[in-house]
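Each remark here refers to the structure printed beneath this line.
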Amino acid sequence: METSKKLNWKPIIAMIEKYQRFVISTHIFPDGDAIGSQMGLYYMLRKLGKQVVLLNNDHTPANLRFLDPDRTIYRFNPMQHNHLLTQSDALIVVDTNSYERIGSVGLAVEKIGVKTICIDHHLTKTNFGDVRMIDTKACAAAELVYRLAKEMEVPLDLQIAQPLYVGLLMDTGSFRFFSTTPETHLIVSDLLSCGVRQDQVYSQIYETCTDEAIRLLGLTLSKLKKFGGGKIATLTVTHNMSRETGADPYEIEGLVNYTLKIFGVNIGILFLVEKGPVVKISLRSKGNYNVSEVAKKFGGGGHYHAAGIRIDKPLSKIRSDVIHACEQLLAD
């Protein structure tokens, strides 16, 4: 498939052709684009005869485990996995662009000093990686992995195509975000021609909740609050709510998106209390409201309609500040 984007892949291709042993990692709390890009690249490199290990800071979400049927992704443990980094020729980081964002894997890599390749679509002010492909116009990191496969003339098959399709699907909000272009759909067409079943993918991602997760969903929605004259809706998940329902909140795909189903709501916020005082904040919007600008104010980032923050402060200390920043966004 011919595309209009001409990107300089030569430095990355040269490293891939030069080396044999690779580790691929992605950001903490991986989403569909993170796992999709990682698995698509894994199968692509395997097809090129490379040795590949997958190391992540966190578990793969339950609804994405179908992309890794052989359980090739290891949750990084320094005692068990440091040797895999020291024995590798290069680390490839997808869907993020800093050692901090890949968690414990990044800490180990900084100490060991492994050559690093970065493939990402998020804006960055750093020069992370020995070589990098950062294209903020790409709708997903999966799009960039797809383009790399085309540049290297790696034949696509179902193993490569399905995770890349998932990455595109989930990072475009099911192809509804501004980042979705006619070219996005041309790529999707190519992936579907490899045998991807969109109905099966949808079922795996969005129709695999446990009873406990549905109970947590109901409890969370019952506590929804509105601000900014009804244009902002917030949801909160605490440790007590997870314990009460016996559910893992990460099992509920797209929980924050329920806020945008409400008539008149333009910005949705999910406050998810993690271990200790850490709070994970998901921001979503519709219309002309760039929530990534709000996320940047608190050390987070993301995209126009979908962004996130992870902050080491109690919920009581950060909640009102984030809501106020969103109210300011509405007023601008």
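The values are calculated or read from the model by the stated rules, or taken from the named source; none is laboratory data. Note that this is a predicted model, so its numbers are computed, not measured. Neighbour counts are summed over all protein chains in view; Cβ atoms, including those assigned to glycine, are modelled from backbone coordinates with ideal geometry.
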Take the residues of the range 152-173 that are in a loop (DSSP other than H, G, I, E, B) and touching a helix residue (DSSP H, G or I) at 6+ places or on another chain (Cβ under 9 Å): which is farthest from Ser193 (Cα to Cα)? Gly173
Say we look at the range 54-88 and pick out the residues that are among the charged types (D, E, K, R) and assigned to a loop (DSSP other than H, G, I, E, B); which of these is farthest from Tyr19 (Cα to Cα)? Asp58
Output for the range 287-322, where each listed residue is in contact with a strand residue (DSSP E or B) (Cβ under 8 Å, 6 or more places away or on another chain) and in a loop (DSSP other than H, G, I, E, B): Tyr289, Phe298, Gly299, Gly300, Tyr304, His305, Lys313, Pro314
Restrict the check to the range 268-282 and report whether at least one residue is small (Gly, Ala, Ser), touching a helix residue (DSSP H, G or I) at 6+ places or on another chain (Cβ under 8 Å) and not assigned by TED's automatic domain parsing to the domain that holds Ala141. yes
Options Lys111, Lys137, Lys125; residue that is on the phi < 0 side of the Ramachandran plot, part of a helix (DSSP H, G or I), surrounded by fewer than 18 Cβ atoms within 10 Å (Cβ to Cβ) and modelled with pLDDT under 95: Lys111
Hits in the range 8-53 (condition: more than 16 Å from Ser88 (Cα to Cα) and part of a strand (DSSP E or B)): Thr26
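Which of the following residues is in the same structural domain as Asp120 (by TED's automatic domain parsing), farther than 17 Å from Val114 by Cβ, in contact with a helix residue (DSSP H, G or I) (Cβ under 6 Å, 6 or more places away or on another chain) and among the β-branched types (Val, Ile, Thr): Ile73, Ile35?
Testing whether each residue is in the same structural domain as Asp120 (by TED's automatic domain parsing), farther than 17 Å from Val114 by Cβ, in contact with a helix residue (DSSP H, G or I) (Cβ under 6 Å, 6 or more places away or on another chain) and among the β-branched types (Val, Ile, Thr) leaves just Ile35.
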Members of the range 177-204 that are within 17 Å of Gln159 (Cα to Cα) and either at pLDDT below 95 or not in a loop (DSSP other than H, G, I, E, B) (or both): Ile187, Val188, Ser189, Asp190, Leu191, Leu192, Gln198, Asp199, Gln200, Val201, Tyr202, Gln204
Filter the range 93-108 down to the residues that are in contact (Cβ under 8 Å) with a residue 40 or more places away in the chain and of a type outside the set (Gly, Ala, Ser), then identify the one that is surrounded by the most Cβ atoms within 10 Å (Cβ to Cβ). Val94
With the requirement that a residue be more than 17 Å from Ile35 (Cα to Cα), of a type in the set (A, V, I, L, M, F, W, C) and surrounded by fewer than 16 Cβ atoms within 10 Å (Cβ to Cβ), what does the range 156-191 give you? Phe175, Phe178, Leu186
State whether the residues of the range 240-257 include one that is touching a residue at least 40 places away in the same chain (Cβ under 8 Å), over 30 Å from Ile160 (Cβ atoms), touching a strand residue (DSSP E or B) at 6+ places or on another chain (Cβ under 6 Å) and surrounded by 20 or more Cβ atoms within 10 Å (Cβ to Cβ). no
